[in-house]
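Let me give you the structure first, and then I'll get to my questions.
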Amino acid sequence: MTVPAFEEYVPAIDCTCAGCAAQRRTAAAGLPTRYGGHPAAHGARRAMVLVTAAGVVLSAGLAEAAGAVADAAPVTDPGPGADAAAPGPDSPQGGPGPLRGAGASGPPARTDAAVPRTTTRADIINRAKKWVTAQVPYSMTKYWSDGYRQDCSGYVSMAWNLAGNEWTGSLAAYGTRIAREDLQPGDILLFHNLADPAKGSHVTIFDGWTDYTHTHYTAYEQTKPHARKQTTPMAYWTHSGSYVAYRYKGLTSGTGGSTPSKTPFPGAGMFGAGAKNDYVTRLGEMLVGRGGKRFYKVGPGPAWSSADRLATQAFQKAQGWKGSEADGLPGPDTWGLLVNGTGHDIPAAGGAAGPGGSSSVPGFPGRAYFRPGQSNSHVDRLGKQLVKKGYGKHYLSGPGPRWTEADRRNVEAFQKAQGWKGSEADGYPGPETWRRLFA
């Protein structure tokens, strides 16, 4: 059947034939109302135009057009000053696949993560910074020059130096689940919505806490309109309770699981009057964990203060050091004891501990010794003291050197007996739990 050809023509203003008269009436009806057109006719004409346009889009390929619109849709970047009311990302993502384009040198993605590539925390953060600096635009269908997909999971695949592009449903296989309080730079916070993976699933890269309260952190993420670094509420603007922390299995520095990484001493120049950096914050947090909380009115922060000096000096004196060895400025020895969880804790106000004191309370060895998978003499010592104090009812056998759920429940019972609640009675001993248990 031959499709008829329609030719558009302009009717003569003075022609009396039926065709020209009909065309003039139609043209008048299609005018906007402000020029004398009929409102109903104008609305019908507009609807017809929209339907026609939709038909053209469909004939050109609806899926392709929809993808293009999704990539081009403008989204306002909340920016560094965004508050907790900021919306979560609209971040659909692609599935597992090989690298693409100029970076297509790796094999197809693996979901078993049997042999992860090795990397360091510094390398992870440096790779994350590259996309932020380049303001790589968000897309679930495009690939950057390094071969990684330009969505949230492709971004983490790139930062973790994975062999291919993963998605939120497979990234966990490349990591070890950790507690949120153990997050370190290069770890991730992952939400994979099992019920509807395309709705809300997202992942961010952790870069560090913004303050001692641990309510906000600095996040690297790939979201619309482009990669960004931003202060973010823990764990995210939306679905916060569903995010899980993971540590990459292929790290060559630091440790996996829930054991904190042992940061080398950064140098004496990072501490003292006028110093302001992350190492000062880290020092204060470690001192608080070793009994120095009373020296801080508002908590540790990046700016060096008299609280940092007094807490450091108290820790040094707890080791039996005097004179210039207890000047309140951390050196390699002070730092080493703190990051390794060794040495003697700061005694309670009015008390004494360590080689120079009279207290019989043994020094707290550090939180890292009391975690799942740990086996050491400190766990054995803790268990025996719990039994001695009447808090051993959860032991079916033992206690022994290997940390078990029975140890945790007995510690929890002891902590609750002190009147503590919530995170203060989580079953994991800290300096104050240790001091009271052995006092």
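Within the stretch 412-424, how many residues turn out to be modelled with pLDDT of 90 or more and aliphatic (A, V, I, L, M)?
Count: 1.
If you scan the stretch 153-172, which residues turn out to be closer than 27 Å to Arg371 by Cα and open to solvent by 30 Å² or more (accessible area, probe 1.4 Å)?
Within the stretch 153-172, just Ala172 meets the criteria.
Could you tell me which of the residues Tyr248, Tyr243, Tyr212 is hydroxyl-bearing (Ser, Thr, Tyr) and buried (at least 22 other Cβ atoms within 10 Å of the Cβ)? Give the steps one after another, and end with the answer.
Working: Tyr243 fails: buried (at least 22 other Cβ atoms within 10 Å of the Cβ); Tyr212 fails: buried (at least 22 other Cβ atoms within 10 Å of the Cβ).
Of Tyr248, Tyr243, Tyr212, the one residue that is hydroxyl-bearing (Ser, Thr, Tyr) and buried (at least 22 other Cβ atoms within 10 Å of the Cβ) is Tyr248.
Mind counting the residues in the stretch 297-318 that are buried (at least 21 other Cβ atoms within 10 Å of the Cβ) and closer than 17 Å to His344 by Cα? Write out each step before concluding.
If we filter the stretch 297-318 for residues that are buried (at least 21 other Cβ atoms within 10 Å of the Cβ), which is where we start, we get 300, 304, 308, 311-312, 314-318.
Still in the running and closer than 17 Å to His344 by Cα: 311-312, 314-318.
Residues in the stretch 297-318 being buried (at least 21 other Cβ atoms within 10 Å of the Cβ) and closer than 17 Å to His344 by Cα: 7 in total.
Still on this model: Which residues, counting only those in the stretch 266-296, are open to solvent by 70 Å² or more (accessible area, probe 1.4 Å), under 23 Å from Pro347 (Cβ atoms) and within 28 Å of the chain's Cα centre (by Cα)?
Scanning the stretch 266-296 gives a single hit, Lys293.
Counting only residues that are at pLDDT 90 or above and of a type in the set (Phe, Trp, Tyr), which one in the stretch 292-347 is farthest from Phe370 (Cα to Cα)?
Trp304
Just the residues that are touching a residue at least 24 places away in the same chain (Cβ under 8 Å) and surrounded by fewer than 16 Cβ atoms within 10 Å (Cβ to Cβ), please, taken from the stretch 332-343.
At the first step, the residues of the stretch 332-343 found to be touching a residue at least 24 places away in the same chain (Cβ under 8 Å) are 332, 335-336, 338-343.
Listed by number, the residues that qualify are Pro332, Gly336, Asn340, Thr342.
Could you pull out the residue among Trp420, Trp403 that is hydrophobic (A, V, I, L, M, F, W, C) and crowded, with 18+ Cβ neighbours inside 10 Å?
Details: Trp420 fails: crowded, with 18+ Cβ neighbours inside 10 Å.
Only one candidate passes the filter, namely Trp403.
Additional query: Starting from residues that are charged (D, E, K, R) and under 20 Å from Asn193 (Cα atoms), keep the ones in the stretch 219-240 and report whichever is most open to solvent (accessible area, probe 1.4 Å). Don't jump to the end; show me each part of the working.
Of all residues in the stretch 219-240, those charged (D, E, K, R) come to 221, 224, 228-229.
Now drop any that are not under 20 Å from Asn193 (Cα atoms), which leaves 221, 224.
On the way: Glu221: 1, Lys224: 27 Å².
Step by step, filter the stretch 219-240, then rank; the result is Lys224.
Moving to a separate point now. List pairs: first residue in the stretch 403-420 and within 15 Å of Arg371 (Cβ to Cβ) and among the β-branched types (Val, Ile, Thr), second residue open to solvent by 40 Å² or more (accessible area, probe 1.4 Å) and outside any helix (DSSP H, G or I) anywhere in the structure, Cβ distance under 8 angstrom, at least six positions apart or on different chains.
Thr404/Gly398; Val411/Tyr391; Val411/Tyr428
Could you list, in sequence order, the residues of the stretch 176-192 that are open to solvent by 10 Å² or more (accessible area, probe 1.4 Å) and farther than 13 Å from Ala235 by Cα?
Thr176, Arg177, Ile178, Asp182, Gln184, Pro185, His192
Does Trp167 count as aromatic (Phe, Trp, Tyr) and at pLDDT 95 or above? Before the answer, list the steps.
Values: aromatic (Phe, Trp, Tyr): yes; at pLDDT 95 or above: no.
In short, no.
The values are calculated or read from the model by the stated rules, or taken from the named source; none is laboratory data. Fair warning: this is a prediction, and the values are worked out from it, not measured in the lab. Backbone-built Cβ (ideal geometry, glycine too); neighbour counts: all protein chains shown. Ligands, DNA and RNA are stripped out before the accessible areas are found, and what is left, the full protein with its side chains, is counted by its heavy atoms. Shrake-Rupley method; radii C 1.70, N 1.55, O 1.52, S 1.80 Å.
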